[in-house]
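In what follows, a single structure is set out as structure tokens and then discussed.
The values are calculated or read from the model by the stated rules, or taken from the named source; none is laboratory data. These numbers come from a predicted model, not from an experiment. Here Cβ is always computed from backbone atoms with ideal geometry, including for glycine, and neighbour counts include all displayed protein chains. Keep in mind that these areas ignore ligands, DNA and RNA; they rest on the heavy atoms of the full protein, side chains included. Shrake-Rupley method; radii C 1.70, N 1.55, O 1.52, S 1.80 Å.
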Amino acid sequence: MSEPSFQDDVLNELGADRLHEIAGLLGTDAAGAQEVVGSSVAELSGGLRQAAAEPGSADEVRAAVDEVASPEPPLQGVVALGGLMSGGLMAGVLARLVKPAANAVAKRTGIPPATANRAVELLVPVVVAVLTKRAAKKGGAGGGLGDLLSGPKK
């Protein structure tokens, strides 16, 4: 039995209702929305990996990973599909990756950049939730960001 991919976990966490909402935003069906979600998740996770490798942002990403892996929940603001008020360090790191991820998705799919940006923004709280759940499954210990993004493969 293989573990679900990070993208699969995001889609499962997103659920049918939210996927339908994203499809409406994009003017497509569920399959089209799923494709955009997959591209968006790939861009966000790639951006996280890149930020973790850069000296100027590596400490912040490491702290964000430590926060989602902590058994103590961070102070949470209102996190909803419509927007992100707060959500800890990881939400802040991901928020800075939204525009570059959305631009890449827009370029690849032909979706208007503003629409792609909104769709990617909607995924930030879902990605934070998935990272937190994956860290909890590992008991807070693990190999850091790469381990959370790839899932347990032991």
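Can you report the number of residues in the range 57-66 which are of a type outside the set (A, V, I, L, M) and open to solvent by less than 80 Å² (accessible area, probe 1.4 Å)? Walk me through it before giving the result.
Looking only at the range 57-66, we keep the residues that are of a type outside the set (A, V, I, L, M), and these are 57, 59-60, 62, 66.
Next, from what is left, pick out any that are open to solvent by less than 80 Å² (accessible area, probe 1.4 Å): 57, 60.
Of the residues in the range 57-66, 2 are of a type outside the set (A, V, I, L, M) and open to solvent by less than 80 Å² (accessible area, probe 1.4 Å).
Would you tally the residues in the range 91-147 being part of a loop (DSSP other than H, G, I, E, B) and free of Cβ contacts under 8 Å to residues at least 24 places away in the same chain?
Let us first name the residues in the range 91-147 that are part of a loop (DSSP other than H, G, I, E, B), namely 110-112, 138-144.
Now narrow it down to the ones that are free of Cβ contacts under 8 Å to residues at least 24 places away in the same chain: 110, 112, 139, 143.
Qualifying residue count for the region: 4.
I want to confirm something. Restricting to the range 14-30 and keeping residues that are in contact (Cβ under 8 Å) with a residue 60 or more places away in the chain and open to solvent by less than 20 Å² (accessible area, probe 1.4 Å), which single residue is nearest to residue 131 (Cα to Cα)?
14
Modelled with pLDDT of 80 or more and closer than 17 Å to residue 9 by Cβ: which single residue out of 64, 53, 69, 95 fits that description? Give the steps one after another, and end with the answer.
On the way: 64 fails: closer than 17 Å to residue 9 by Cβ; 53 fails: closer than 17 Å to residue 9 by Cβ; 95 fails: closer than 17 Å to residue 9 by Cβ.
One residue alone meets the criteria, 69.
Confirm whether residue 40 is in contact with a Leu (Cβ under 9 Å, 6 or more places away or on another chain) and at pLDDT 95 or above. Can you show your working first?
Details: in contact with a Leu (Cβ under 9 Å, 6 or more places away or on another chain): yes; at pLDDT 95 or above: yes.
Judged against the criteria, residue 40 is a match.
Tally time: how many residues in the range 122-139 are surrounded by 18 or more Cβ atoms within 10 Å (Cβ to Cβ) and more than 9 Å from the chain's Cα centre (by Cα)?
4
Table: residues versus (1) loosely packed, with under 14 Cβ neighbours inside 10 Å; (2) assigned to a helix (DSSP H, G or I); (3) in contact (Cβ under 8 Å) with a residue 24 or more places away in the chain; (4) in contact with a Lys or Arg (Cβ under 9 Å, 6 or more places away or on another chain).
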{"position": "7", "(1), (2), (3), (4)": "no, yes, yes, no"}
{"position": "12", "(1), (2), (3), (4)": "yes, yes, no, no"}
{"position": "32", "(1), (2), (3), (4)": "no, yes, no, no"}
{"position": "37", "(1), (2), (3), (4)": "no, yes, yes, no"}
{"position": "40", "(1), (2), (3), (4)": "no, yes, yes, no"}
{"position": "55", "(1), (2), (3), (4)": "yes, no, no, no"}
{"position": "68", "(1), (2), (3), (4)": "no, yes, yes, yes"}
